[in-house]
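Contents: one structure, followed by commentary.
The values are calculated or read from the model by the stated rules, or taken from the named source; none is laboratory data. Predicted model, so just to flag it, every value in this text is computed and none were measured. As a convention, Cβ positions derive from the backbone with ideal geometry for all residues, glycine included, and neighbour counts pool all protein chains shown.
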Amino acid sequence: MADMGDALDVLADQLRNEYGQEAAAAAWDILNLGERLADAAVWQYGVDSVQAMAAAQSCREARRYLLSPASGRPVQAPQPSRAATGSCARLLDHVARVLQSPSGVGIQPDATARQSAAAHATTAHQALSAMWRTP
Amino acid sequence: MSVELGQLFDAAVEHIRRARPLASDDGYTGALLASTLDILIQLDIYSRELNWDGAGEEGEPPAAMEEATVHLRSHLIEATNYLHIASRLKPPATAGATTPLHDALAALAASRDLLHTHRGPDRQLLTPYALLLTQAGSQKYLALRITDVTWELGRLATDMAERSDPAQVEALQSARRELDQATVLGRAATRDTYHETGSLPAAPDTRPIPFVPAEPPAKTLTHLENASEQLLRIAFAAARTPTGEPRLTGFDLPQLARSLALTRLLSAQLLQHISANSPDTQLALHAELQTSARRWNTVAEAWHHLVDLNDPSARPLLPRYDYLTRQRSQAVPPPQPLTPHPACEIAATQALRTGRLLYGPDWQPHAGSRTHPPRPRASLLADTEGAGPVLHTLYRMSMAGRHLAAAIPALIEKAAHSLVTDSIEHRPPKLPTTMRFYPAHHRQIEQINEEYRAAGVAEGTLCTKLLHQAQAAGRPIARARLDAAITEIYPPDRPALSAQQEKILERIIADIERRTEHFTSAVQRAVHQPQNPPHPHNHTPAARHPGR
């Protein structure tokens with residue numbers, strides 16, 4: 001789990017990067033990770049399957065409007081757990097906020113595409129952070 | 001429920017029957033004669049379009065009708081002639097009087113329009129049903145229904161003959177005789193009829209039907225069925241999409257699969273809710289719907305590490321243009337992301353509709369299934385008129401899923417060269433570490449196609465279970481016979497040509513091209529030889545190689 005936390009921290013750092021390239025790659029990777037994590041959790045006990053599927057779908061929808069990275073490696077998806085999905089959901093929220101901020105231009109220069117990506121990232125954040133049933 | 005072919009013929013016959021009381025009124029005779037002639041013309045067009053007289057254009061499917069139907073047409077023409085005589089003797093006294101025959105004519109025209117929707121402007125096949133219409137059984141069905149109309153027209157002519165002047169009586173009686181003969185001959189030729197052709201609906205367009213907030217549940221079911229029809233059409237067209245038209249990309253396919261998974265999952269919840277009183281139905285179907293949902297979600301998961309290069313968003317982000325380049329207007333804007341394929345939106349709306357049917361009109365998928373209490377069972381069942389229509393809708397959705405699962409693997413095989421992956425599993429060891437993506441491994445393609453096949457099998461089982469349940473509930477699904485007939489002609493689990501057949505075909509085409517080339521050059525040599533100066537003997541190949 002420690003590796004997972006590190007990987008997410010690295011992604012969060014990259015997202016803060018002012019130079020578009022790295023931040024764009026991080027946004028793409030976070031959305032990819034969100035989709036895989038949600039998919040892995042769909043049939044887990046205690047998870048609302050509908051919400052998990054909706055989260056995965058929104059992550060992919062958002063990724064449609066972003067440009068794919070040329071380098072780097074995919075982040076390994078952790079075991080689906082409340083903590084893992086929680087931190088991933090926070091990152092998704094972060095992506096949405098960066099896309100809406102002025103530095104979002106560095107990630108996706110086209111305004112319409114940027115807004116669509118931000119909207120889907122927000123939806124993904126909502127679904128992913130609420131999909132576990134309260135104990 | 002959308003209108004079906006058989007219903008339109010039923011309506012036409014019914015309207016002609018309603019016109020018969022008017023035949024005793026002398027004032028209507030003229031108008032009735034004029035309308036009857038219009039209907040006969042319509043029937044004549046019908047028979048000509050079906051190529052019954054054997055004079056089919058080149059490339060058209062061969063006329064499948066037997067000799068007797070050729071006589072049917074000639075009798076129709078004779079009847080038209082006699083009625084022309086009768087109408088000349090009695091021109092319409094009440095101009096523009098509307099009779100029920102107008103409605104009959106409209107119903108017949110609508111039935112022709114319905115058949116036309118299954119073909120494109122160039123007569124290309126748009127749905128698998130267009131294939132069915134080229135079969136003898138379906139054409140016989142149409143002949144049979146046309147004889148239903150001619151029989152009713154004959155009765156109408158008899159009624160009109162009762163109160164006409166003698167000259168007209170003769171013409172009307174002759175027309176009646178011809179119509180009856182047409183009926184007898186037509187019916188004689190209509191053994192082995194595909195009666196299921198009657199449940200053929202019009203082919204839908206592929207525009208998604210948006211959800212309106214105040215949509216009543218019965219309407220929702222109709223829209224869900226129409227959306228299934230749209231997906232079926234898209235599945236049929238998927239492998240045949242010409243270049244330039246939007247095709248399903250590697251981005252659309254996983255979204256489509258996940259929407260289907262979501263729809264099945266919500267359907268399971270819907271069924272669980274409405275059939276709480278009948279645990280048998282619930283047990284049998286709930287498990288199948290869940291399995292189908294799992295299969296489709298697995299399909300979507302198989303796409304995790306794949307990117308389609310045909311999608312503009314698959315291009316990497318490049319450094320910004322410098323000031324000078326922009327100043328010289330040499331900067332090219334980055335490619336715009338493609339809008340999703342209509343199929344994605346149709347499938348997503350289908351999932352949304354299914355959810356809203358259960359959880360109310362303001363439900364959203366990301367809100368999950370806990371925040372909204374489901375609609376009260378009693379009122380939901382009252383609105384949908386029982387569980388039967390719901391089972392019908394679920395069947396249609398599942399059938400569309402089955403066709404999609406069958407059609408997509410061929411599409412993926414075609415587009416496999418443009419798929420790249422960043423999966424660590426298949427990464428070639430010598431690939432530079434800076435490169436993230438590399439061409440997709442054939443195992444990945446095989447695996448995806450395997451998942452689609454598994455989803456197709458799950459949908460097939462689900463369809464069968466739904467049919468059994470609907471039968472048990474006393475609401476058999478008539479449409480299933482039509483689907484079964486198509487499955488026979490166009491099996492969803494078998495491509496039109498196997499890979500081996502395609503290879504053979506390619507070889508034959510290459511061979512033909514080579515021969516044509518040889519032939520053309522030989523002809524050119526033969527034609528141009530007189531103009532050319534004769535070759536000196538020592539330059540001809542034969543002279544150089546005397547032994548050959």
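Has the range B:189-197 got at least one residue that is of a type in the set (S, T, N, Q) and free of Cβ contacts under 8 Å to residues at least 60 places away in the same chain?
Within the range B:189-197, one or more residues are of a type in the set (S, T, N, Q) and free of Cβ contacts under 8 Å to residues at least 60 places away in the same chain.
From A:A26, A:A12, A:A7, grab the single residue that is within 14 Å of A:I107 (Cβ to Cβ) and under 14 Å from the mean Cα position of the chain (by Cα).
Answer to the selection: A:A26.
Take the range B:241-281 and flag every residue that is of a type in the set (A, V, I, L, M) and either part of a helix (DSSP H, G or I) or modelled with pLDDT of 90 or more (or both).
B:L253, B:L256, B:A257, B:L260, B:A261, B:L262, B:L265, B:L266, B:A268, B:L270, B:L271, B:I274
Within the range B:21-33, can you find the residues that are without any contact (Cβ under 8 Å) to a residue 60 or more places away in the chain and either among the hydroxyl-bearing types (S, T, Y) or over 20 Å from B:D148 (Cα atoms) (or both)?
B:D25
Considering each residue of the range B:161-187, count those that are in a helix (DSSP H, G or I) and among the hydroxyl-bearing types (S, T, Y), and give that number.
2
From the list B:I408, B:I424, B:I445, exactly one residue is surrounded by fewer than 22 Cβ atoms within 10 Å (Cβ to Cβ), among the aliphatic types (A, V, I, L, M) and modelled with pLDDT of 90 or more. Which is it?
So the residue among B:I408, B:I424, B:I445 that is surrounded by fewer than 22 Cβ atoms within 10 Å (Cβ to Cβ), among the aliphatic types (A, V, I, L, M) and modelled with pLDDT of 90 or more is B:I445.
For A:E22, all conditions in the list (1) surrounded by fewer than 22 Cβ atoms within 10 Å (Cβ to Cβ); (2) touching a residue at least 12 places away in the same chain (Cβ under 8 Å) hold save one; what is the number of the exception?
Just one mismatch for A:E22, condition (2).
Take the residues of the range B:368-421 that are basic (K, R), part of a helix (DSSP H, G or I) and out of contact with any Asp or Glu (no Cβ under 8 Å at 6 or more places or on another chain): which is nearest to B:H273 (Cα to Cα)?
So the residue we want is B:R377.
For the range B:509-519, state whether one or more residues are of a type in the set (S, T, Y), assigned to a helix (DSSP H, G or I), over 28 Å from the mean Cα position of the chain (by Cα) and modelled with pLDDT of 75 or more.
no
Table: residues versus (1) under 14 Å from the mean Cα position of the chain (by Cα); (2) surrounded by 19 or more Cβ atoms within 10 Å (Cβ to Cβ); (3) polar (S, T, N, Q); (4) part of a helix (DSSP H, G or I).
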| residue | (1), (2), (3), (4) |
| --- | --- |
| A:Q57 | yes, yes, yes, yes |
| A:A62 | yes, yes, no, yes |
| A:G86 | yes, no, no, yes |
| A:A89 | yes, yes, no, yes |
| A:D93 | yes, no, no, yes |
| A:V105 | no, no, no, yes |
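Looking only at the range B:1-52, count how many residues are of a type in the set (F, W, Y) and outside any helix (DSSP H, G or I).
1
Among the residues of the range B:122-131, write down those that are more than 22 Å from B:A107 (Cα to Cα) and not in a loop (DSSP other than H, G, I, E, B).
B:L125, B:P128, B:L131
Looking at (1) without any contact (Cβ under 8 Å) to a residue 24 or more places away in the chain; (2) facing another protein chain (nearest Cβ under 10 Å), can you tell me which one A:P102 breaks?
Looking at each condition in turn, A:P102 falls short on (2).
Report whether or not A:Q14 is surrounded by fewer than 24 Cβ atoms within 10 Å (Cβ to Cβ), more than 10 Å from chain B (Cβ to nearest Cβ), at pLDDT below 90 and out of contact with any Leu (no Cβ under 7 Å at 6 or more places or on another chain).
Against the criterion (surrounded by fewer than 24 Cβ atoms within 10 Å (Cβ to Cβ), more than 10 Å from chain B (Cβ to nearest Cβ), at pLDDT below 90 and out of contact with any Leu (no Cβ under 7 Å at 6 or more places or on another chain)), A:Q14 qualifies.
When you look at B:T158, is it free of Cβ contacts under 8 Å to residues at least 24 places away in the same chain and either under 30 Å from B:I346 (Cβ atoms) or of a type in the set (V, I, T) (or both), yes or no?
Yes; evaluated as a whole, the condition is true for this residue.
Hey, could you check the range A:64-84 for residues that are modelled with pLDDT of 85 or more and small (G, A, S) and say which is surrounded by the fewest Cβ atoms within 10 Å (Cβ to Cβ)?
A:A83
Being more than 8 Å from every other protein chain (Cβ to nearest Cβ), among the small types (G, A, S) and crowded, with 19+ Cβ neighbours inside 10 Å is the requirement here; does A:A41 meet it?
In short, yes.
Go through (1) more than 23 Å from B:N226 (Cβ to Cβ); (2) in the same structural domain as B:L271 (by TED's automatic domain parsing) one by one and return the number of the condition B:T433 breaks.
(2)
In this structure, is A:S116 more than 9 Å from chain B (Cβ to nearest Cβ), among the polar types (S, T, N, Q), in a helix (DSSP H, G or I) and farther than 17 Å from A:A52 by Cα?
Taking the combined requirement at face value, the residue does not satisfy it.
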